[in-house]
Structures are given as structure tokens and as C-alpha cells.
Amino acid sequence: MNTTNTYYIPKPSPHDPDDLGHFGIYGGRYVPETLMPVLEHLKADYEAVRFDPEFWGQVHYYYQHYVGRPSPLYYAENLSDELNARIYLKREDLNHTGAHKINHTVAQAILAKRLGKKKIIAETGAGQHGVATATVAALFGLECEIFMGAKDVARQELNVFRMKLLGAKVHAVESGSRTLKDAMNDAIRHWVTHARDTFYVIGTVAGPHPYPMMIRDIQSIIGWEARAQIQKAAGTLPDKVIACIGGGSNAIGIFNHFLEDEGVECIGIEAGGLGLDSKHGASLAKGAPGVLHGQMSYLLQDDDGQILEAHSISAGLDYPGIGPEHAYLKDERIVTYDHITDTEALDAFVWLSQREGIIPAFESSHAVAYLKKMPRQALQGKTILINLSGRGDKDMIQAKEMLDFE
Ligand SMILES: *Cc1c(COP(=O)(O)O)cnc(C)c1O
């Protein structure tokens, strides 16, 4: 029997949550009673396909022919020369729709189809997850409704237009701060009453169990590919694996296949926004444990426990919480976490553009910026793997307002 798969199928992870979705004290299911049976159902549905070669074979077909996987691993020659290290970039920016989010929307839509659902819904902040969800709805002939804070609808005109062009209906959510956390609340509320025919496509490793585990499994395609690619290209495992963190899906996706390796340090980079004195960024560094969107994790909150809005140059990192598995991996010191300011991220955005001819997303620029924050000494002769989660096309208008070239 052939024991090596030619395509990705998840394996049980050493850090799988317990039956109720707890990673240590984090995660779980903090939801209204009415949502419990819906989540229990989804958990059973996911467990039925979790290790099923036929399901993952179907996912693989679309990864290969539609998304463009495997994404390349690129040896960044100019950065490597400058830093006297070996820098490799995992090119998730080259995926269809420009980021890693298409990985989890394709797989969730295929699951929705299998379950006979007619409609998919999603929350979105900057609109990237909304676009990735609307894309797969068009592909698989599913109805699509997107929940987006009214403030974000106004700020992200182009992405709203993209979703509508793809055939989705966009709800502008007027409650609360009219941003991502309110959109997610409304999406959950809608789901409770429409679960019979509706699948909720969550955009990161957050929310109630089984979402953090399910989306971690799906995104682990990134690390599965990268591990084989870097062993082939560099002849060794990396010394460090670096990724940016909003909710944490691209980061856990690449880390998951390196967590057991003694010599590999995984480093997650949060958005520090304006800097350390700002309360509005870096949930793990400045937040405290609390409950949001059906899960226990680190959250940005004020002294009364009110959720603070996150602010960063990169809208995709503006989530006031973080996936529960990251909270656990931080407490257990299995992964290192740090943060990068807006200024440092913008500097790295220009640096990568001009040294390698690759314009990264603002989000991914945070991971690249860490190369400059690390002491030079720590880099000498080291093999570094960076997850380039997305491309910068979506950030051009904002970049043009902040940068001036002769
Ligand atoms: C959405 C997004 C992120 C942040 O989401 P994670 O779940 O933390 O990966 C990072 N990079 C890009 C390009 C994104 O679009």
C-alpha cells in the first residue's frame, strides 16, 4: 500500500482540542443554547470528512486547477544577500484572489455542497474574506450573503463592488461599532435561524468549536507543502518560520507542520498599530483572556471588559481577538509572538517591493518586517521561512496616500 499521499489530507494534530473544542483553557463554545445543536451537527459533519481521502481529493482538484496550488517557495536572493541568511518566501500571494483565504473558502464550500446546503454566509472586515467567499459561491452555484459593518462598507467600496459583481448580497451591519465584530455577531444570529439550508463560512481560526480546528486543518496545506519544498530547496528544515497574525489562520497553517521540530522556532507577528502605547493592537501582547464570538481567547478590552476596536494599517489584521489555539501556544511557549508597528510594516512593504519585485499585502509586510527587527546576529547563516500570505494590489490606494516617490 502506498503510504505517502500525493495530495494533502489532514492528520490528527498534537495540539488537537478536546471534544468540546478546548485548547487548554481557550476555545470552547460560548454560544446561546439555540446554536448548540447546530454546532454539534457541524462537528459531526466535519468529523465524517476530516480524514476522508475522497473529500480531500475533491478539495485538491480545485486547489490544483482553480487556486493554482501548490504555491511556489521562492528563494529571495537579494534579501538573503543583504541579511547574510537564506530567506524563503511561501508564495500564498500567487493564489487565485491573491491570498491564503481562498484555501479555506474552497474547502468549506465543498463541505457545504456535500451537506446539501443551498446558501453560504460569511462575515468580513476589510472585505477580503467576503470576496473569497463570494468567489466560491459563484464557482459552486451557491447563494451568498455577506455581513459587513456599515463603516467597513463605506471604507472598502471596491471589495463591496467585487462581492456584488460575483453575485453576492452584502448586508451593511448598523449595530455596535459597525465593524467586523458586529458583522460576525449578525452572521451568527442569521445562521441560528437558517442553519437548515445555510453554511456559515468563517474567515479565520476563530469562533466556536469546530471552526478553529477545522480551519486550522484546512490551512495546514500551506505548511505541508512548505515543509517538503524547503527540505528539497535548502536541504534542511528552517531555523525560523515567520507569519503575520490577524485571527491566525495563515500562521497556524504554516506552523502546524513544524511545531514538533525541536530546532524550528515558529514566530507569529501581530499588528502593533501605532506602537506599544496604543491599546488598539496586538491581542496577545496587550489583551487579556475573555469571551468573544463563541470562544475564549486573548482579547483587546478596556478595564470594564468592553471590547476595544483594533487599528492597524492592514485592515486584515484588525481583529480584536485571536484564534484560541494561538492563545494556548503562547501560554505553553510553543510559539513565539511579537508585534510590528504600522511604520515598520510600511517600511518592509517598500523594501520587499524594491529588492525582490514582489509587492506584499500590508498584512504580510508585518512578517517581512520582522527580518529587520530581529538582531542581525540571530539571522547570520540561518534558514528562514516567511509566509507571504497575500499580495498588495488591494492596498495600492492606501499606499499611494502614505508614500511619495520622486
Ligand atoms: C485576512 C488576511 C490575513 C489575516 O488573517 P489570518 O487569519 O490571521 O491569516 C493576513 N494576510 C492577508 C493577506 C489577509 O488577507
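Since every read-out is calculated from the coordinates, none of them should be taken as a lab result. Just so you know, these numbers come straight off a predicted model, no measurement behind them. When we count neighbours, we look across all protein chains shown, and the Cβ atoms used for this are built from the backbone with ideal geometry, even at glycine.
Structure above, values below:
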| quantity | calculated |
| --- | --- |
| Helical mean residue ellipticity (222 nm; -39500 (n - 2.57) per DSSP H run of 4+; nearest 500) of the chain | -12000 deg cm²/dmol |
| Extension gain (nm, one decimal) between Thr6 and Asp347, 0.36 nm per residue minus Cα-Cα | 118.8 nm |
| Pairwise FRET efficiency - Leu115 versus Glu33, Cβ, R0 = 25 Å, nearest 0.05 | 0.65 |
| Residue-by-residue Karplus 3J(HN,Hα) for the range 96-110, coefficients 6.51, -1.76, 1.60, Hz, glycine and proline x | 3, 6, x, 6, 6, 4, 4, 4, 7, 6, 4, 5, 5, 5, 5 |
| Anchor Lys382: lysines whose Cα lies under 25 Å away (excluding residues fewer than 8 positions away in-chain) | Lys90, Lys232, Lys240, Lys330, Lys372, Lys373 |
| Distance between the range 43-87 and the range 311-335 - C-alpha centres, whole angstrom | 21 Å |
| Leu274 paired with Glu406, simple spin-label distance in nm, labels 7 Å along Cα-to-beta-carbon | 3.2 nm |
| Gyration tensor over alpha-carbon atoms, the chain, equivalent ellipsoid semi-axes in Å | 30, 25, 21 |
| Label zone at Asn84 (point 7 Å along Cα-to-Cβ), backbone N below 15 Å, the range 370-397 | 375-383 |
| Rounded FRET efficiency, nearest 0.05, which uses the C-beta distance separating Gln306 from Gln398 and R0 of 25 Å | 0.35 |
| Per-residue Cβ neighbour rank within 10 angstrom, fewest leading, Thr135, Thr124 | Thr135, Thr124 |
| Fewest-first sequence of Asp81, Asp342 by Cβ atoms within 10 Å of each Cβ | Asp81, Asp342 |
| Percent antiparallel among DSSP beta bridges (both partners in the chain, rounded to 5) | 30 percent |
| Cα-based reach from Lys117 at 18 Å (exclusive), listing lysines while leaving out same-chain residues under 8 positions away | Lys43, Lys169 |
| Shape category assigned to the range 292-406 from the gyration tensor of Cα positions, a/c cut at 1.5 | oblate |
| Taking only Cα atoms of the range 72-148, radius of gyration then Dmax in Å | 17.0, 53 |
| Added length on full extension, which subtracts the Cα-Cα distance from 0.36 nm per residue, Ser175 to Lys372 | 66.9 nm |
